[in-house]
1. Of the beta bridges DSSP finds with both residues in the chain, what % are antiparallel, to the nearest 5?
2. Using a 1.4 Å probe, how large is the accessible area of Met98, given in Å² and rounded to the nearest 10?
3. Determine how large the accessible area of Glu234 is when every protein chain is in place; take a 1.4 Å probe and give Å² rounded to the nearest 10.
4. Beyond 26 Å, what share of the Cα-Cα pairs of the chain remains, rounded to the nearest whole percent?
5. Starting from the residue with the highest accessible area, list Asp187, Asp219 in decreasing order, probe 1.4 Å.
6. Please name which of Ile199, Ile49, Met152 has its Cα lying farthest along the dipole of the chain towards the positive end, using unit charges on Cβ (Lys, Arg +1; Asp, Glu -1) and the Cα centre as origin.
7. How large is ³J(HN,Hα) for each residue in segment 231-240, as worked out from phi by the Karplus curve 6.51 cos²θ - 1.76 cosθ + 1.60 (θ = phi - 60°), to whole Hz, x for Gly and Pro?
8. Taking amide H positions as placed 1.01 Å from N in the peptide plane, with prolines and chain starts having none, which residues 5 or more places from Ser124, or on another chain, fall under 5 Å of its amide H?
Amino acid sequence: MSEEAIRKVAVLGAGTMGHGIAQVSAAAGHQVVIRDIDEAALERGLAGIGKSLDKLLAKERIDATEAERIRGAIATTTSLEDAVKDADVVVEAIPERMDLKVETFRALGEHAPAHALLATNTSSLSVTEIAAASGAPDRVVGLHFFNPVPVMKLLEIVRGLGTSDATIARARAYGDAIGKESVVVRDWPGFATSRLGIILGCEAIRMVEQGVASPADIDKAMKLGYRHPMGPLELTDLVGLDVRLHIMEHLFRELGEQFRPPALLRQMVRAGKLGRKAGEGFYVY
Ligand code: CAA
């Protein structure tokens, strides 16, 4: 399998991560199809790609011809079967629910070609459990991307219990092709990145609860004192408070007390203060 060229990439899910993955894959010269469950979601995904390409155009990182080529390389569909039937790589970026992931990988086992690399962009769920549903766990790998996908250099490759060496090699080759630097980690709750990233966000929220400092000062402290590009609360707003709460709940169940979600986070999610996408989180946009 490792010798197979990657021509076509199918991305499942047109959300923030899915459309970013589609964009970087198309930019690398792959033919891409994005699948989502309805046309409105696909349109939002294409609009997100358009915005990102406009930024790259404005910075003269790409020219108009290249932007058009990237747009032209991305097709959309609502049919999972059509999306994956001739794919060399499938990247799943659907919501972080194990029941949905299991259903999707069961379908991939049935409809994706036997040579296809089957990847999940989960940020913390068990790759091993997702892989088991496909009936071909040797071909399944975690490919964890970071937001914003066109900007962040890292690709965290997660080796499930049954992931073969050939699959890891192929995942690395895909990562190289799309210009990412990869690290390979063992499948363990939160992997390397979410486990550390979430604990920082979790503590920052506890500090707001305890009145240690304002969100702006906590963020300023980490940016100027630790050279983080963004403070932990700004980052929580970027990723989405609901998304972070969901990951925390999972890591709390799997790894214990240090990940117990702060009450303030629960309250803010209940109030609809989900971060940038809602116009308000720890900051007002
Ligand atoms: N597409 C293309 N380019 C983009 C972009 C996008 N979506 N978003 C930003 N950029 C570009 C900008 O045009 C800009 O380009 P130049 O360097 O040429 O000026 C550059 O990226 C930086 O952007 P800005 O100037 O707008 O703002 P910034 O300097 O504050 O950077 C940031 C923004 C890249 C988001 C930076 O703040 C950052 O790196 N933040 C941390 C992000 C992070 O930690 N992400 C991981 C989240 S966790 C995750 O994703 C995993 C999970 O499982 C939930």
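The values are calculated or read from the model by the stated rules, or taken from the named source; none is laboratory data. Everything numeric in this text was worked out from a predicted model, so none of it was measured. Note that each Cβ is placed from the backbone with ideal geometry, even for glycine, and that neighbours are counted across all protein chains shown. Surface accessibility is based on the protein's heavy atoms, side chains included, excluding ligands, DNA and RNA. Shrake-Rupley method; radii C 1.70, N 1.55, O 1.52, S 1.80 Å.
1. Expressed as a percentage, antiparallel bridges in the chain total about 15.
2. Near enough 40 Å² of accessible area.
3. In the full protein context, Glu234 sits at about 50 Å².
4. Within the chain, distances greater than 26 Å cover 44 percent of Cα pairs.
5. The ranking, largest first, comes out as Asp187, Asp219.
6. So the residue furthest toward the plus end is Ile199.
7. x, x, 7, 4, 5, 4, 5, 5, 6, x
8. Those lying under 5 Å, H to H, from Ser124: there are none.
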